[in-house]
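Structure, as structure tokens:
The values are calculated or read from the model by the stated rules, or taken from the named source; none is laboratory data. A quick note: this is a predicted structure, and the numbers were derived from the prediction, not measured. Every residue, glycine as well, gets a Cβ built from its backbone with ideal geometry; the counts of neighbours run over all protein chains shown.
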Amino acid sequence: MRFLVLSDIHGRDSVADWAKRLAAEHRADAYIILGDITHFGPGSWAGEFLARLDRPVYAVPGNCDPPELVCREIEARATLLHKRKVTIGGETFIGLGGSNPTIFDTPFEIEEDDIEAALRPLMEESAVFVLHAPPKGINDRTGSGLSVGSEAILRLVKEYQPRAVLSGHIHEARGIVEKDGTLFLNPGAAKDGNAALLEIGETMKAVLLRAPGAD
């Protein structure tokens with residue numbers, strides 16, 4: 001299966017149009033959205049955005065999304081993965097939205113103990129993690145060089161060795177890392193014209209993409 005992976009849309013209207021063009025060009029089967037669909041709301045904008053996409057969508061909310069409103073909009077128009085485990089194309093996907101605490105007091109922040117409590121009952125080996133926040137130390141460095149990922153997520157990654165960990169949240173940490181048999185992907189902020197293609201088969205492959213016409 002092929003997924004067009006988007007994160008950190010932050011209410012940018014243009015994203016839906018270019019995302020559909022990339023999905024068609026790369027023959028994506030579905031979209032995966034890693035949160036921050038809105039920029040602090042309104043929740044209705046998330047629903048309008050999801051309704052414009054032309055393939056199945058699997059999504060979690062981000063720390064800048066009003067959680068209850070955005071989860072409701074995702075459930076109405078897509079498959080909500082927040083605190084859920086689903087099977088897609090024979091692969092297990094495990095999701096969690098929001099982020100570990102930040103210095104910005106954003107709408108959807110979760111204490112580290114609560115992150116672990118939410119994810120651990122869902123855990124199994126060799127799954128695909130669909131997250132907003134990255135694990136500590138991987139795709140998590142801010143522009144000032146601080147490592148701000150979740151320690152709870154890192155513990156679970158080490159224990160259960162997922163096939164892939166998809167996360168956004170840190171706009172500056174766009175990239176692909178392969179470590180200990182796990183592929184870590186941050187597609188970058190879609191508001192800035194960034195996306196990624198994830199291909200899942202016998203092997204896991206990812207490539208970073210740019211919006212058509214983006215610099």
**Request:** Output the strands (runs of 3 or more DSSP E) that fall wholly within segment 53-122 and possess 2 or more residues being in contact with a strand residue (DSSP E or B) (Cβ under 7 Å, 6 or more places away or on another chain) and either modelled with pLDDT under 95 or acidic (D, E) (or both), or say none.
**Result:** none
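Could you look through segment 183-215, keep only residues that are of a type in the set (S, T, N, Q) and surrounded by 16 or more Cβ atoms within 10 Å (Cβ to Cβ), and pick out the one that is nearest to R27 (Cα to Cα)? Lay out the reasoning, then the answer.
As a first pass, look at segment 183-215 and keep what is of a type in the set (S, T, N, Q): 186, 194, 203.
Now restrict to residues that are surrounded by 16 or more Cβ atoms within 10 Å (Cβ to Cβ): 186, 194.
Numbers: N186: 20, N194: 17 Å.
Out of the qualifying residues, it is N194.
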**Request:** Please tell me if V177 is in a strand (DSSP E or B), farther than 19 Å from I33 by Cβ, free of Cβ contacts under 8 Å to residues at least 60 places away in the same chain and touching a strand residue (DSSP E or B) at 6+ places or on another chain (Cβ under 7 Å).
**Result:** yes
**Prompt:** Taking only pairs six or more apart or across chains, which ones have beta-carbon atoms under 9 Å, a first residue in segment 17-43 that is in a helix (DSSP H, G or I), and a second residue that is acidic (D, E) and buried (at least 23 other Cβ atoms within 10 Å of the Cβ)?
**Reply:** G43/D65; G43/E73
**Fill in**
Contact list, first residue from segment 136-158 and in contact (Cβ under 8 Å) with a residue 24 or more places away in the chain and farther than 13 Å from E116 by Cα, second anywhere and among the hydrophobic types (A, V, I, L, M, F, W, C) and assigned to a helix (DSSP H, G or I), beta-carbon distance below 7 Å, six or more apart or interchain, is N139/A173; D140/A173; R141/A173
**Asked** How about segment 97-121: which of its residues are of a type in the set (A, V, I, L, M, F, W, C) and in contact with a Ser or Thr (Cβ under 9 Å, 6 or more places away or on another chain)?
**Response** F108, I110, I115
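Between E91, E48, E111, E75, which is surrounded by fewer than 18 Cβ atoms within 10 Å (Cβ to Cβ), in contact (Cβ under 8 Å) with a residue 40 or more places away in the chain and not polar (S, T, N, Q)? Can you show your working first?
Working: E48 fails: in contact (Cβ under 8 Å) with a residue 40 or more places away in the chain; E111 fails: in contact (Cβ under 8 Å) with a residue 40 or more places away in the chain; E75 fails: in contact (Cβ under 8 Å) with a residue 40 or more places away in the chain.
Exactly one of E91, E48, E111, E75 is surrounded by fewer than 18 Cβ atoms within 10 Å (Cβ to Cβ), in contact (Cβ under 8 Å) with a residue 40 or more places away in the chain and not polar (S, T, N, Q), namely E91.
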**Asked** Here are D29, D17, D54, D13: which of them is surrounded by 15 or more Cβ atoms within 10 Å (Cβ to Cβ) and either under 18 Å from R174 (Cα atoms) or over 16 Å from the mean Cα position of the chain (by Cα) (or both)?
**Response** D29
